[in-house]
1. Which percent of the accessible heavy-atom area of the stretch B:32-148 goes to carbon and sulfur, probe 1.4 angstrom?
2. With a 10 Å radius around each residue's Cβ, average the other Cβ atoms per peptide and rank A:324-337, B:228-241, B:109-122, highest first.
3. Can you order the peptides A:355-364, B:260-269, A:272-281 by their average number of other Cβ atoms within 10 Å per residue, highest first?
4. How many percent of the alpha carbon pairs in chain B exceed a separation of 30 Å?
5. Once phi is turned into ³J(HN,Hα) by the Karplus curve 6.51 cos²θ - 1.76 cosθ + 1.60 with θ = phi - 60°, what whole-Hz value does each residue of the stretch B:109-118 show in order, with x for glycine and proline?
6. Round to the nearest 10 and give me the degree value, 0 to 90, for the angle of helix A:353-365's Cα axis relative to the longest principal axis of chain A.
7. Using the Cα centre of chain A as origin and beta-carbon charges of +1 (Lys, Arg) and -1 (Asp, Glu), tell me which of A:THR94, A:ILE41, A:VAL265 is placed farthest towards the positive end of the dipole.
8. If you wrap a convex hull around the C-alpha atoms of the stretch A:236-327 and split its volume per residue, what is the figure in Å³?
2 protein chains.
Amino acid sequence: MAVGTLATVKSLDPVDLREIGAQMILGNAYHLHLRPGDELIRDFGGLHRFMGWDGPILTDSGGFQVFSLEGLRTVSENGVEFRSHIDGSKHVFTPESVMQIERNLGADVIMQFDHVIPGQSEEAKARDASERSVRWLARCVAALDALRRGGPPPTTNLRDLPPLPGTTFPLPAPSHPQALFPIVQGGIHPQLRREAARAIRSIGDFHGFGIGGLSVGEAKPDMYRMLEVADAELPRDRPRYLMGVGFPEDLVEGVLRGVDLFDCVAPTRMGRNGAAFTNDGRLNIKRAEFRTDPRPLDEGCDCAACRRFSRGYIRHLFTSDEILGLRLLSLHNVHFLVRLMRDARAAIRAGTIDAWARDWLARYHANTRPVSTA
Amino acid sequence: MAVGTLATVKSLDPVDLREIGAQMILGNAYHLHLRPGDELIRDFGGLHRFMGWDGPILTDSGGFQVFSLEGLRTVSENGVEFRSHIDGSKHVFTPESVMQIERNLGADVIMQFDHVIPGQSEEAKARDASERSVRWLARCVAALDALRRGGPPPTTNLRDLPPLPGTTFPLPAPSHPQALFPIVQGGIHPQLRREAARAIRSIGDFHGFGIGGLSVGEAKPDMYRMLEVADAELPRDRPRYLMGVGFPEDLVEGVLRGVDLFDCVAPTRMGRNGAAFTNDGRLNIKRAEFRTDPRPLDEGCDCAACRRFSRGYIRHLFTSDEILGLRLLSLHNVHFLVRLMRDARAAIRAGTIDAWARDWLARYHANTRPVSTA
């Protein structure tokens with residue numbers, strides 16, 4: 001998924017994302033609740049229509065964001081009281097209020113409200129948060145059922161908004177019910193992860209599963225081990241979503257461990273910083289060596305940046321602080337990850353995923369220093 | 001012309017400009033000489049290929065820029081010595097060196113190096129600069145002839161650069177000779193403008209004519225009067241280019257006085273500041289009243305921003321500092337001017353230009369306070 005926290009994938013247009021072949025966009029309930037407000041988005045006919053994207057959207061619940069507000073939040077069994085990072089205003093998120101927010105946003109997949117803790121937390125703390133997340137899941141399910149019984153999704157009340165003239169995106173509110181994904185927590189403790197997965201499955205039959213609380217400071221081998229536990233515990237015929245991950249190498253490692261869905265700000269954030277993903281590792285376009293380089297960012301890439309512009313030109317855009325540079329690198333990096341996952345799917349179908357991943361990782365790592373996924 | 005000072009129209013892509021129907025892009029010899037360097041651009045096959053634009057390009061000579069460097073420059077009959085606004089390095093522009101730079105850039109139309117003065121300059125100062133500009137024109141003509149006799153345009157030496165793989169822009173170096181446009185100066189003094197136009201026409205038969213030194217602080221009626229003088233003195237079958245102008249209303253006033261070609265940073269600069277041109281005047285998208293407004297920026301506009309996004313969404317992008325907002329307003333404003341000039345051409349052909357301009361100006365001014373074109 002391309003990350004569109006604030007109802008826009010930074011520096012890209014929905015048309016770019018369509019051309020790239022992006023299949024899904026992620027929005028964020030915390031950020032959109034604060035700005036511009038989930039009720040405003042509901043009044044515009046929902047997130048799809050508001051942002052001009054007619055493909056699938058998933059909204060994260062904001063659990064990760066409110067727990068990142070160290071010192072600005074208080075956790076209780078009821079929920080989390082926190083202050084906005086924008087203006088310091090006071091807010092309370094509960095499983096019930098988050099379901100209302102995500103219903104207002106109208107995404108196709110909505111994540112439960114969960115309790116996120118740092119990656120290296122000790123077992124007692126991890127158990128507390130993991131078990132609370134399961135209890136909050138049950139409350140999310142009940143709250144969503146009550147909202148559904150209360151009537152159709154709020155966005156359908158707004159179908160009679162006048163269509164934007166000549167729009168190329170006919171964007172009705174989604175007619176299907178929103179799919180609620182639970183989130184498996186448990187820190188880096190296999191037994192907690194196992195218990196969480198089982199407790200979640202006892203609550204209901206879900207369309208897919210989030211794997212949360214990873215890529216938050218723990219070591220990579222710990223993350224891989226937790227994915228293997230989840231792989232063993234979760235049904236194989238439902239998508240598993242590894243939240244907040246990641247870099248190209250993390251995606252390949254995740255796919256090898258049964259993950260289907262990822263999101264990360266890396267392609268756009270790194271792109272805005274001048275870093276391009278290539279099959280031979282990362283490339284920093286600001287380096288002097290690219291000044292006279294007529295080659296595209298990544299030889300063999302067919303994205304709109306590589307088809308038309310040289311490294312020398314894109315470096316010029318960055319050294320001159322020109323906005324087009326941010327867009328071209330973001331576009332290339334999102335395209336790179338979409339193509340990587342397309343290649344992985346083809347390798348799975350061909351039964352060659354292990355060899356494909358081994359070869360890909362060897363070539364990529366030969367030129368890239370490992371970095372934190374934080 | 002869309003303004004692409006540094007080999008990019010700020011926040012837009014050449015594909016956007018094609019879709020908008022932009023016919024020509026302006027680059028700047030001063031800026032491109034300093035960064036990334038005209039010789040580098042020559043080595044990339046020229047400006048068209050460097051920036052991925054296969055339509056016509058005009059380069060301004062940098063006259064306006066070096067004379068804006070108050071305190072950083074010394075003028076002599078030979079040329080101008082100045083310090084770079086980027087790093088303070090020392091440079092000399094002469095008619096000869098500017099012809100070399102513009103030839104390296106490889107635009108289709110290149111402007112002479114001229115002596116630009118403030119709009120309200122008194123007659124003696126204006127005469128000095130205007131007569132110097134004519135002498136410099138003669139040197140530009142001679143220098144360009146010498147360069148042409150010296151061989152084909154430098155870009156043709158680089159045809160064997162490997163093509164960018166799968167490029168959708170086959171961009172050979174221009175095979176036609178570059179057209180040199182003289183620039184009529186003379187401040188706000190009709191007699192000087194008349195003398196300058198006649199002196200220029202005695203030097204040679206040019207493909208088109210620049211009208212310079214306007215929209216630099218003088219009153220609007222003065223500018224209009226100078227356009228009327230130029231209209232009477234310049235051949236009707238050659239394009240007249242009013243340099244650095246302007247806002248929508250200035251374009252319409254210019255067309256009424258025989259101007260064919262304009263350039264101005266207004267559509268992109270104002271767009272980045274949140275201002276959108278509409279047929280009912282300018283609109284500041286950041287205003288609170290647009291928060292819940294489902295209408296497009298300009299009703300009846302068919303640009304890519306108006307076809308797909310509401311004022312409420314674009315306001316959200318601006319209040320959240322999202323890059324897409326800059327692009328959408330820039331795109332809309334450039335589209336607005338391109339469409340305005342298309343409408344003006346149609347009215348000229350239909351013989352209704354006076355009535356069309358009167359009606360358009362009345363509607364536009366009813367909602368817009370006049371502003372400086374500076």
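1. 51 percent
2. A:324-337, B:109-122, B:228-241
3. In descending order of packing, they fall as B:260-269, A:272-281, A:355-364.
4. 41 percent
5. 10, 10, 8, 5, 7, 10, 9, 9, 10, x
6. Around 60 degrees separate the two axes.
7. A:VAL265
8. So the per-residue Cα hull volume is 107 Å³.
The values are calculated or read from the model by the stated rules, or taken from the named source; none is laboratory data. Computed from a predicted structure; not experimentally measured. We place every Cβ from the backbone using ideal geometry, glycine too, and count neighbours over all the protein chains shown. Calculation scope for accessible area: heavy atoms of the full protein, side chains included, ligands and nucleic acids excluded. Shrake-Rupley method; radii C 1.70, N 1.55, O 1.52, S 1.80 Å.
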